[in-house]
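Here the structure comes first, spelled out in structure tokens, and everything after it is commentary.
Here, each number is a calculation from the coordinates, and none is a lab measurement. None of these values were measured; they are calculated from a predicted model. Ideal geometry is used to build each Cβ from the backbone, glycine not excepted, and the neighbour counts take in all protein chains shown.
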Amino acid sequence: MRGEFFLFYSYSSVSGGPLLVALVAGEAAIRFEMMLSVESVKRVLDILKDIFNPKGIVVPDPVQAVCTRWGKDHFAYGSYSYVAVGSSGDDYDILAESVGDGRVFFAGEATNKQHPATMHGAFLSGMREAANILRVAKRRSLMTIDTTKSVNQENDDLNKLFVKPDLTFGSFSALFDLNLNDHDSSSLLRVKIGGVVLDSGSLYLYAWLSKKRVIELSQVEGDENRMRMLNRNFGVSLVGRKGLSSAAESLIANIKLSRPNFNETENGLMAEKENS
């Protein structure tokens with residue numbers, strides 16, 4: 001039958017003793033898994049005797065024989081890769097490509113074009129993907145550092161603006177858009193939370209609301225009453241620096257432009273960096 005013990009490997013050089021491996025493929029492999037081990041061993045010996053007996057070489061019975069059943073193995077199902085009709089070696093490279101922007105990686109003998117269908121091919125592919133994972137992890141760590149620097153820069157800019165707020169009352173302070181004087185214009189409110197609770201310093205939370213409502217808040221006695229009015233009456237929730245909306249970010253940009261002292265400070269810092 002085609003594919004029945006079509007190839008023999010001698011592993012004597014690596015096993016420390018005489019060891020012969022016979023491969024089965026195709027329909028013969030399906031039949032092989034249905035046979036008793038005793039029958040399979042007898043069939044192998046018959047083939048070997050047909051090869052060597054005419055040359056005067058006696059084929060002895062094996063000391064031990066093992067018959068694998070890879071087709072019934074839930075993790076293998078008897079298959080290893082091969083180039084099918086209409087395929088090419090490039091398909092191995094395609095299978096090796098990661099997906100999900102470097103979140104899922106693929107290894108295994110079927111991803112190694114140089115050494116497919118081998119144990120060492122699978123091992124080398126694992127080493128390859130380990131290196132790829134390390135490379136992507138390093139790249140992402142650098143991206144995280146850059147993002148952190150950007151956020152810190154934004155926080156620094158906002159802290160500079162609130163050094164001289166347009167209105168301060170209790171733990172609250174506010175910045176107004178000086179280009180618009182009406183009470184319906186937007187404003188940025190900052191609330192200082194911390195002191196005793198936060199050992200590292202103060203935490204600042206923000207809200208984007210109208211200038212009119214900020215003035216109404218300033219006329220209320222006590223920070224606790226102001227917070228209650230902000231949440232219950234105005235329906236406004238405080239957020240961190242990164243939680244500000246695009247409208248709030250636009251307001252911050254306008255406030256920067258309307259503060260000549262802030263822009264002069266920024267230009268001075270930039271000039272100092274360029275000179276250094």
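Numbers below:
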read-out	value
For ASP91, net neighbour charge (Lys/Arg +1, Asp/Glu -1) across residues whose Cβ lies under 14 Å away	-3
Most mobile listed residue (GLY102, GLY126, GLY86) in the chain, GNM with C-alpha springs under 10 Å	GLY86
Contact order relative to length of the chain, as percent, for alpha carbon pairs under 8 angstrom and 6 or more apart	8
Computed over region 89-146: relative contact order in percent, which uses C-alpha pairs under 8 Å that are six or more apart	25
Charge dipole (debye, nearest 20) of the chain; +1 at Cβ of Lys and Arg, -1 at Cβ of Asp and Glu	340
Among GLN64, SER87, SER98 the positive-end extreme of the charge dipole of the chain (Cβ point charges)	GLN64
The chain, helix-only ellipticity at 222 nm - DSSP H runs n ≥ 4, -39,500 (n - 2.57), divided by all residues, nearest 500	-14000 deg cm²/dmol
Among VAL136, VAL58, VAL236, residue whose mean-square fluctuation peaks in a GNM of the chain (springs only between Cα atoms under 10 Å)	VAL58
Reachable lysines, given that their alpha-carbon falls under 26 Å from the alpha-carbon of LYS55 and they are not under 8 places away in the same chain	LYS42
Under DSSP loop assignment and at most 10 Cβ neighbours within 10 Å, longest chymotrypsin sites (Phe, Trp or Tyr not before Pro)-free interval of the chain	83-276
Residues MET229, MET143, sorted so that the one with the fewest Cβ neighbours within 10 Å comes first	MET143, MET229
Partners for LYS256 among lysines (Cα-Cα distance below 26 Å; same-chain residues under 8 apart left out)	LYS149, LYS160, LYS164, LYS192, LYS211, LYS212, LYS242, LYS273
